[in-house]
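Shown next, in structure tokens, is the structure this report addresses.
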Amino acid sequence: MGASAPKESTTPTLRNGDPIPRIFYGTARRKGKAVPDVRTALQLGYRAIDTASSRRFHHEAEDGRALREFLDATNKEGGRLEGIFVQSKFAAPPEHVEPLPYETRDDTTVRVLKSVLRSAEDLGTEVLDAYFLHAPLPTIEGTVQAWRVLEQLVSRGAVRYLGIANVALPRLGKLYDQAQVKPAFVQNWFRKTTTYDRDVVMFCKEHHITYQMFGVFDEANAGLLECEPVQKRARTISVTTHQALLQLLLETAAAMGLQLCILDGTTSADHMRENLSAVRQFGGLPESDVESFRQLIGWV
């Protein structure tokens, strides 16, 4: 089939029709790497922030400070977060380091409530756009118990949407069946060793759950940058292979009817600009190339 002209990317939407940014700035901190630069990300155009209550890899207080500094600098009324989508996560004790938002003796209900309260306080907002379970709890019963608490927070208006991260299909399916407030998001690691999360992706597509992927540019995915569809796109429209990969992921999702968001944690302002540019524009290659990429990652 013929090539299509570059076009503005279609904004993904949630089940209720609300739009969601295509790209999120991920604030995970990694040993030996630069600290995420939330303020610069916002200044350059990111409008969605992903963080977590766990201090092992995240620091909500610093993320919240960066948000407030950006809002103050741009004279946003009252420093409110309107126009910026902010999501965080509850993490069980093994995922935490001091200071925990709860006591280790607290039961699951109290742990979740205290985590959400600290997240809202540290991030400077009364309403969190989305709150996740950072991972399923050890049992489905425990996972559902934590989910019930989050459902109550949705009904009270403290949280708008719910999500779960680092989840395999069996646990996701059981949670979905028992949830009264269905998950709006699933956030998983995109990598070859899990067959690019094909089974979870297909479940999300079928149930209109927005799939959030992280780790796109991890070393484990280096081979994707060398694959022919990515290389061809980079050559044809004069973009980097990283930009080409982002665009092919978005085009693949659009072609199959999947609502997709990509988490990007770069600390380089130049890479931020490149990634933002990539997700704002896509198109220009034959549909057969998109199909080749889709076959390559197994999303069929």
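The values are calculated or read from the model by the stated rules, or taken from the named source; none is laboratory data. Note that the coordinates shown come from a computational prediction; the quantities given were computed from them, not determined experimentally. Quick reminder, even Gly has a Cβ in these numbers, built from the backbone with ideal geometry, and neighbours come from all protein chains shown.
Before we move on, is A244 in a helix (DSSP H, G or I), of a type outside the set (S, T, N, Q), farther than 19 Å from R294 by Cβ and free of Cβ contacts under 8 Å to residues at least 40 places away in the same chain? Outline the logic, then answer.
On the way: in a helix (DSSP H, G or I): yes; of a type outside the set (S, T, N, Q): yes; farther than 19 Å from R294 by Cβ: no; free of Cβ contacts under 8 Å to residues at least 40 places away in the same chain: yes.
Judged against the criteria, A244 is not a match.
Can you pull out every residue in region 101-127 that is outside any helix (DSSP H, G or I) and touching a residue at least 12 places away in the same chain (Cβ under 8 Å)? Write out each step before concluding.
Kept after step one, since they are outside any helix (DSSP H, G or I), are these residues of region 101-127: 101-107, 124-127.
Those that are outside any helix (DSSP H, G or I) and touching a residue at least 12 places away in the same chain (Cβ under 8 Å): P101, Y102, G124, T125, E126, V127.
Annotation note: of V230, V239, V279, V290, the sole residue that is crowded, with 19+ Cβ neighbours inside 10 Å and outside any helix (DSSP H, G or I) is V239.
Taking residues in region 16-41 that are more than 26 Å from L258 (Cα to Cα) and at pLDDT 85 or above, and partners anywhere that are polar (S, T, N, Q) and assigned to a loop (DSSP other than H, G, I, E, B), the pairs with Cβ atoms closer than 8 Å and at least 6 places apart or on different chains are P36/T27; P36/T267; D37/T267; V38/T27.
Name the single residue that is farthest from the chain's Cα centre (by Cα) among those in region 167-196 being part of a loop (DSSP other than H, G, I, E, B) and not hydrophobic (A, V, I, L, M, F, W, C).
Q180
Restricting attention to region 258-279, the residues that are within 18 Å of the chain's Cα centre (by Cα) and either touching a residue at least 60 places away in the same chain (Cβ under 8 Å) or within 22 Å of D18 (Cα to Cα) (or both) add up to 13.
Pick from region 128-160 the residues that are among the small types (G, A, S) and assigned to a helix (DSSP H, G or I): which of them is surrounded by the most Cβ atoms within 10 Å (Cβ to Cβ)?
Our first condition is that a residue be among the small types (G, A, S); within region 128-160, this holds for 130, 135, 142, 146, 155, 157-158.
Filter once more, so that each one left must be assigned to a helix (DSSP H, G or I): 142, 146, 155.
Values: G142: 14, A146: 22, S155: 11.
The selected residue is A146.
Going by the structure shown, is T252 of a type in the set (S, T, Y), surrounded by 16 or more Cβ atoms within 10 Å (Cβ to Cβ) and assigned to a loop (DSSP other than H, G, I, E, B)? No, not satisfied.
Only one residue in F217, F203 is free of Cβ contacts under 8 Å to residues at least 60 places away in the same chain, part of a loop (DSSP other than H, G, I, E, B) and either among the aromatic types (F, W, Y) or surrounded by fewer than 18 Cβ atoms within 10 Å (Cβ to Cβ) (or both), so which one is that?
Result of the check over F217, F203: F217.
Residue-wise test of (1) modelled with pLDDT under 95; (2) in contact with a His (Cβ under 8 Å, 6 or more places away or on another chain); (3) over 16 Å from A91 (Cβ atoms).
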site	(1), (2), (3)
E121	no, no, yes
E126	yes, no, yes
A130	no, no, no
P136	no, no, no
Q145	no, no, no
S155	no, no, yes
L162	no, no, no
P170	no, no, yes
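Can you confirm whether P93 is of a type outside the set (K, R), modelled with pLDDT under 95 and out of contact with any helix residue (DSSP H, G or I) (no Cβ under 7 Å at 6 or more places or on another chain)? Outline the logic, then answer.
Values: of a type outside the set (K, R): yes; modelled with pLDDT under 95: yes; out of contact with any helix residue (DSSP H, G or I) (no Cβ under 7 Å at 6 or more places or on another chain): yes.
When the stated conditions are applied, P93 passes them.
Scoring F85 on the criteria (1) touching a Pro at 6+ places or on another chain (Cβ under 9 Å); (2) modelled with pLDDT under 85; (3) not acidic (D, E) leaves a single failure, condition (2).
Could you check region 220-239 and list, in sequence order, the residues that are without any contact (Cβ under 8 Å) to a residue 40 or more places away in the chain and among the charged types (D, E, K, R)? Lay out the reasoning, then the answer.
Let us first name the residues in region 220-239 that are without any contact (Cβ under 8 Å) to a residue 40 or more places away in the chain, namely 220-223, 225-226, 231, 234-235, 238-239.
If the condition is that a residue be without any contact (Cβ under 8 Å) to a residue 40 or more places away in the chain and among the charged types (D, E, K, R), then E226, R235 are the ones that fit.
Condition test on Q295, is it in a helix (DSSP H, G or I), more than 21 Å from F24 (Cβ to Cβ) and either in contact with a helix residue (DSSP H, G or I) (Cβ under 9 Å, 6 or more places away or on another chain) or of a type outside the set (A, V, I, L, M) (or both)? Full working, then the answer.
Working: in a helix (DSSP H, G or I): yes; more than 21 Å from F24 (Cβ to Cβ): yes; either in contact with a helix residue (DSSP H, G or I) (Cβ under 9 Å, 6 or more places away or on another chain) or of a type outside the set (A, V, I, L, M) (or both): yes.
So Q295 fits the description; yes.
Of all residues in region 264-300, count the ones that are modelled with pLDDT of 95 or more and aromatic (F, W, Y). So the count comes out to 2. Of everything in region 94-127 that is within 23 Å of E141 (Cα to Cα) and in contact with a Ser or Thr (Cβ under 6 Å, 6 or more places away or on another chain), the residue that is surrounded by the most Cβ atoms within 10 Å (Cβ to Cβ) is S115.
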